[in-house]
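Participant: After the structure tokens below, expect a handful of questions from me.
The values are calculated or read from the model by the stated rules, or taken from the named source; none is laboratory data. Quantities reported herein were computed from a predicted structural model and do not represent experimental measurements. Heads up, the Cβs are rebuilt from the backbone with ideal geometry, glycines too, and the neighbour counts pull from every protein chain shown.
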Amino acid sequence: MIIQKSLPDVGEFVIIKITKIMPHGAYCRLAEYNIDSYLPISEVSSGWIKNIHEFIKEGQQDVAKVIFIDPEKRSVDISLKKATAKDKKDKINDYGLEKRAEGIVTKAIAATKQEGNKQAIITELAKYAKTYNELANAIFEGKDPLSRFKEKEFKQALYDLVAKTIKPKTYTVAYNVDLTTTDTKAGINTIKDTLTGVEKEGVEVLYMGAPRYRFLASDSSYPKAEEKIKKAQKMLERHKNIEFSMKSVKVQATS
């Protein structure tokens, strides 16, 4: 975050490092807040735990959920078992993106020889965005979030570094499509014409061997890519002489 909070919020997912294991719990360091927290043994894993060392190790890094905070004592309790695999994946991804964006800001400060003015710049940036990643994404998307920023040289250096450093991700969805026709006379031509229309909607069509085809659609997000597939599906549904079935195939996002 651009302006660091002193404590996390209840329900927040945090990056932890286990520093000391006790019989009934463990002490952990919160990477983003530079404070200690406590992990009760009951929050390590679901079910009964006979030996806590079988579940966690000192030096282990993980993602946990904040379940209790005492602001006066600056006491924080966390839970490993309340953080799902998806929660952990999302948090690690967000944390990595935030650190990358923070690094870009640091480089822009160094490039403009503003190290002595670093805290003032960060304080000013906080007026325009809550996190470094939010700021970097706005710049990457072609917006001008720092239109009223005073340090023009720093601003230009930051915009240039974002353009050089951040590469757009491409999200691809794929479907196996079994395609047949009840039109014995013009059936082949009907399928060809339909597939040509599908390709015009931005969907790549691969022939997998009769009667199977693979539809591939790519865009800047999964929903946008799925929308192309939906348009192709509607196109198939309009033909009374075409019968088809579709099954999604898992594809990874690429930079």
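Participant: Name every residue in the range 27-41 that is of a type outside the set (V, I, T) and at pLDDT 95 or above, in order of residue number.
Facilitator: Y27, C28, R29, L30, D36, S37, Y38, L39, P40
Participant: Here is a further query. Could you list all residues from the range 173-196 that are crowded, with 16+ Cβ neighbours inside 10 Å and under 27 Å from the mean Cα position of the chain (by Cα)?
Facilitator: First, pick out the residues of the range 173-196 that are crowded, with 16+ Cβ neighbours inside 10 Å: 173-175, 177, 179, 181, 190-191, 194-195.
Residues satisfying the conditions are V173, A174, Y175.
Participant: Quickly run through the range 103-143 and pick out the residues that are touching a residue at least 40 places away in the same chain (Cβ under 8 Å) and under 16 Å from Q4 (Cβ atoms).
Facilitator: Looking only at the range 103-143, we keep the residues that are touching a residue at least 40 places away in the same chain (Cβ under 8 Å), and these are 104-105, 107-109, 111-112, 114, 122-123, 125-126, 129-132, 135.
V105, I122, T123, L125, A126, A129, K130, T131, Y132, L135, listed by residue number.
Participant: List, please: which pairs have Cβ atoms under 7 Å, are six or more places apart or on different chains, and start with a residue in the range 148-160 that is assigned by TED's automatic domain parsing to the domain that holds I109 and end with one that is surrounded by fewer than 16 Cβ atoms within 10 Å (Cβ to Cβ) and small (G, A, S)?
Facilitator: Qualifying pairs under 7 Å: A157/A111.
Participant: Next up: Under 6 Å by Cβ, and 6 or more places apart or on different chains, what pairs join a residue from the range 47-58 that is closer than 13 Å to M22 by Cα and modelled with pLDDT of 95 or more with one that is in a loop (DSSP other than H, G, I, E, B) and of a type outside the set (A, V, I, L, M, F, W, C)?
Facilitator: F55/S45
Participant: Further question: Considering the range 116-142 alone, what residues qualify as being under 20 Å from the mean Cα position of the chain (by Cα) and surrounded by 13 or more Cβ atoms within 10 Å (Cβ to Cβ)?
Facilitator: A129, T131, Y132, N133, E134, L135, A136, N137, A138, I139, F140
Participant: Please state which of the following conditions F215 fails to meet, knowing it meets all the rest: (1) under 30 Å from A110 (Cα atoms); (2) not assigned by TED's automatic domain parsing to the domain that holds F140; (3) not aliphatic (A, V, I, L, M).
Facilitator: So the condition that F215 fails would be (1).
Participant: While we're here: Conditions: (1) in the same structural domain as R29 (by TED's automatic domain parsing); (2) in a helix (DSSP H, G or I); (3) in contact (Cβ under 8 Å) with a residue 12 or more places away in the chain; (4) of a type in the set (G, A, S). S42 meets all but one. Number of the miss?
Facilitator: (3)
Participant: Among the residues that make up the range 54-67, is at least one of them surrounded by 12 or more Cβ atoms within 10 Å (Cβ to Cβ), in a helix (DSSP H, G or I) and either of a type in the set (A, V, I, L, M, F, W, C) or touching a strand residue (DSSP E or B) at 6+ places or on another chain (Cβ under 8 Å) (or both)?
Facilitator: no
Participant: Another question about this same structure. Can you work out which of the residues in the range 1-49 that are among the polar types (S, T, N, Q) and farther than 27 Å from Y128 by Cα is surrounded by the most Cβ atoms within 10 Å (Cβ to Cβ)?
Facilitator: S37
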